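Take a look at the structure below.
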């Protein structure tokens, strides 16, 4: 809504002005950042450890090397994660199972951090569609993409979509829960962007649990500056660390735009 | 109810009626249009320190010993009327006062008798007559009582683009805004650039920052009581204005001369007329406007009864293809004044308030809409009893039945949307109150009162309990009108005024207030999509205790100064867990946190009311903090509206009868805000790292505005029908041009501050400030005949 307000104000009434200013910010203590994913997709099982940095420092974040990292499923199978490159820990034997809980343990600097996540049952993209939209003042000419899927009726589902356009990852957040569409054949429309003729577009549909979904919503709020109370998203990590441990049920489809 | 009536009867009987006393009572009206004069004074020359003021319906009652007196009727800006009366028995005197010929300045902020601000027991009260602020420069030339009242000490505008205001550290939802007694739940138009109040239809605005009289309740920080005009009872009249943004038209007329009248006032913006001229289809189809209507009628039935019906209807619409957003208020008040006798005045009101917003997405068979709504049915029964020359009592009852629809959803096609409505919530808020204004002696006046309020949360519905993490632990079904939570809060009120002499006084007040309705907002500021919630098993009532001390002094030549200090403690105030989602969330109560607030400060005010140069300077030094177990490790932290310094200067200069210049200057400390103190990388994207809530500040805000108002000649030359000579006669047609420049020196004040990767130095982060306005010139034409 703020965005619309801004649009209306900027576009129709006045010349607002934007400028770079100096805002004096404190430098927070460095914190451990855990980015960990377990999924049914063999390419997406990793634990990435780094440290946070000063807000105005350059974007070089220290990789955390030499941590002890492991993931255990709810059947007691334990997967030790080895450091592949500095800060990135993997185990090629680990492939996530649907409807299974996983617990992550990270020991770094003699401090133990744990997190538990759940990979929900899979929901697949039925079809990908697109539609030509002519240019307007608010968007360029192009194709709007739609992902059709069938939401299961007997559970609460949380989805995240990820787009790769000609190999370029789209950083925007595409999140949807089934609050309005439980049990329906429904569509997710990627209204925020349009695609050009000939684009090779790959869509990943990722089912996550409620905690991870809320965490992503929190990241979206931060990236867009929205929300009732800005702050670090509530994480599933136990211990004084940033980041999350996500259990992903991944389905993938691709399309070539022809308009 | 029975007990309550018995109590009134008892009170009536026990009044110590002294046979040697007589009571004069009646009404005081404006001779030019028949409008009731509020706060006009009745004084007795032979009895200094004796007097009465008219209430909001122009009624007064004054009890004095039998005898021969000179009685003076007085109201600022009007000619006094004096009568020598031999008072042997109770007498009714209805008076009409005429405009004074005395040259006043362009500004008369208080329509009250001189020195009333000194002797009244009302502390922390701001009064504003909409007529008198029209020369103050404002954005787009839209005169606005909410924007102007924010130039007073202790009252803060939330900022540009936000119509909400904060009073003494309270949040925007802690202000009770009444339009003819009806609560207005969202006072903003056009995403907050304007308030819903059309100044043309308003007669009187009073804002209680503290020392709130017992007849008001329901919010813990302030009461803004706005009274609409009754309409001209003498003759038909039209007034209006053409501005850059909107146009206004008001019609008023007698129904039966001197017996009844009506007023109808409307306003509409026309930005959408320009968008229709656009060649771009998307912009052509954009809807962007608001309109509002105020209507009121009153009729005098016999000597003792008068009925009023008034209403407000306003709506904002905003939309583009495939997306629509609209919101608005409806209020209706039906009121009956009855004068039982020359000492007892009664007022019964039935009030309806309704606020809703609606968001529509999609078109045709794939359209759906969702929104939220609050509806009130409100019954008030109030008495004013002028018991003796020492006691003047107010007492009454009030009951409000609230219905809240937190989330209603509608779809054109059930295959498309499966969501169902979030259950409605119901509650009964009721109160009994009594307050006594006591004249103890020549120097000491006192007000004591108590309000006993209660709230009962009623079914039907499924009521949830939550654990500390905000997850539902229990769901219980309650049947229709079955109570699932109830609260009773005694709210004592007291105020003392000690007159040092006729022109200076000390005042002190204490106030407890309770609040059973709470506004949830999905952003850090007020927006139309904010949702009202009732108190429940989870949401306890908010309450506050406030003490205020003040010193008031009037000088000769129309100067006046005042200083007040206040301390306010607030309990059970609401904030959000990080990442809380307010809209369309059935279990939103689990996302809330409850804590305490405190606010304290000193307010200084100096005003010049007479002479060609008039205006005021106001300065507030204050601190406003909140404390929650879940936020900032339970330590006190500044509330968003915490402003250390807040300065307003308003100056009006009347060059001659036709030209008035005006200027404002405003300065305040930037709002508290949450900024990141670090950053980190997730999935290749930068994420802000926050260490505390509201740990930073926006840059200080300041701005200057200037304006000029050019009036047409008040008289014209005509031939005297008898002598044939040229004479000057008064014109019926009055008009003026108002020119203004908002933010005249082009200060870029921060509307938002955001952070992004630097364009000039990739790999680093920079802060970017968005300012909405540089200079905004505007021109408005106003007329009246």
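The table below gives the values:
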read-out: Yes/no for residue B:230 being in a loop (DSSP other than H, G, I, E, B) and surrounded by fewer than 23 Cβ atoms within 10 Å (Cβ to Cβ); value: no
read-out: First in region A:206-228 and facing chain B (nearest Cβ under 7 Å), second anywhere and assigned to a helix (DSSP H, G or I), Cβ under 7 Å, 6 or more apart; value: A:226/A:2; A:227/A:221
read-out: Test result for residue A:252, within 14 Å of chain B (Cβ to nearest Cβ), in a strand (DSSP E or B), in contact with a strand residue (DSSP E or B) (Cβ under 9 Å, 6 or more places away or on another chain) and modelled with pLDDT of 90 or more; value: no
read-out: Region B:694-720: number of residues that are within 30 Å of residue B:756 (Cα to Cα), in contact (Cβ under 8 Å) with a residue 60 or more places away in the chain and not in a loop (DSSP other than H, G, I, E, B); value: 1
read-out: Count of residues meeting criterion [over 14 Å from the mean Cα position of the chain (by Cα), more than 11 Å from chain B (Cβ to nearest Cβ) and surrounded by 16 or more Cβ atoms within 10 Å (Cβ to Cβ)] in region A:153-181; value: 2
read-out: Single match in A:200, A:245, A:191, A:195 (criterion: touching a strand residue (DSSP E or B) at 6+ places or on another chain (Cβ under 8 Å) and under 27 Å from residue A:36 (Cα atoms)); value: A:245
read-out: Residue check for residue B:324: more than 14 Å from every other protein chain (Cβ to nearest Cβ), in contact with a strand residue (DSSP E or B) (Cβ under 6 Å, 6 or more places away or on another chain), within 30 Å of residue B:403 (Cβ to Cβ) and outside any loop (DSSP other than H, G, I, E, B); value: no
read-out: Complete set of residues in region B:657-681 that are assigned to a strand (DSSP E or B) and either in contact with a helix residue (DSSP H, G or I) (Cβ under 7 Å, 6 or more places away or on another chain) or closer than 19 Å to residue B:768 by Cα (or both); value: B:672, B:673, B:678, B:679
read-out: Criterion: within 14 Å of chain A (Cβ to nearest Cβ), without any contact (Cβ under 8 Å) to a residue 40 or more places away in the chain and part of a loop (DSSP other than H, G, I, E, B) - qualifying residue of B:723, B:691; value: B:691
read-out: Which listed residue, of A:106, A:69, A:47, is more than 30 Å from residue B:767 (Cα to Cα), within 14 Å of chain B (Cβ to nearest Cβ) and not in a loop (DSSP other than H, G, I, E, B); value: A:47
read-out: Subset of region B:562-583 that is surrounded by fewer than 21 Cβ atoms within 10 Å (Cβ to Cβ) and in contact (Cβ under 8 Å) with a residue 60 or more places away in the chain - its residue that is farthest from residue B:619 (Cα to Cα); value: B:583
read-out: Selection status of residue B:297, under 25 Å from the mean Cα position of the chain (by Cα) and surrounded by 15 or more Cβ atoms within 10 Å (Cβ to Cβ); value: yes
read-out: Single residue of B:553, B:609, B:557 found to be in contact with a helix residue (DSSP H, G or I) (Cβ under 6 Å, 6 or more places away or on another chain) and over 24 Å from residue B:491 (Cβ atoms); value: B:609
read-out: Residues being assigned to a loop (DSSP other than H, G, I, E, B) and under 28 Å from the mean Cα position of the chain (by Cα) - total across region B:37-83; value: 12
read-out: Among residues of region B:205-238, those that are out of contact with any helix residue (DSSP H, G or I) (no Cβ under 8 Å at 6 or more places or on another chain) and closer than 27 Å to residue B:31 by Cα, counted; value: 12
read-out: Test: residue in region B:758-772 that is within 30 Å of residue B:147 (Cα to Cα), within 14 Å of chain A (Cβ to nearest Cβ) and outside any strand (DSSP E or B); value: yes
read-out: Options A:51, A:84, A:94: the member that is surrounded by 14 or more Cβ atoms within 10 Å (Cβ to Cβ) and within 30 Å of residue A:207 (Cβ to Cβ); value: A:94
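The values are calculated or read from the model by the stated rules, or taken from the named source; none is laboratory data. Since the model is a prediction, treat every value here as computed from it, not as a measurement. Here the Cβ is made from the backbone with ideal geometry for all residues, glycine too, and neighbour counts use every protein chain on show.
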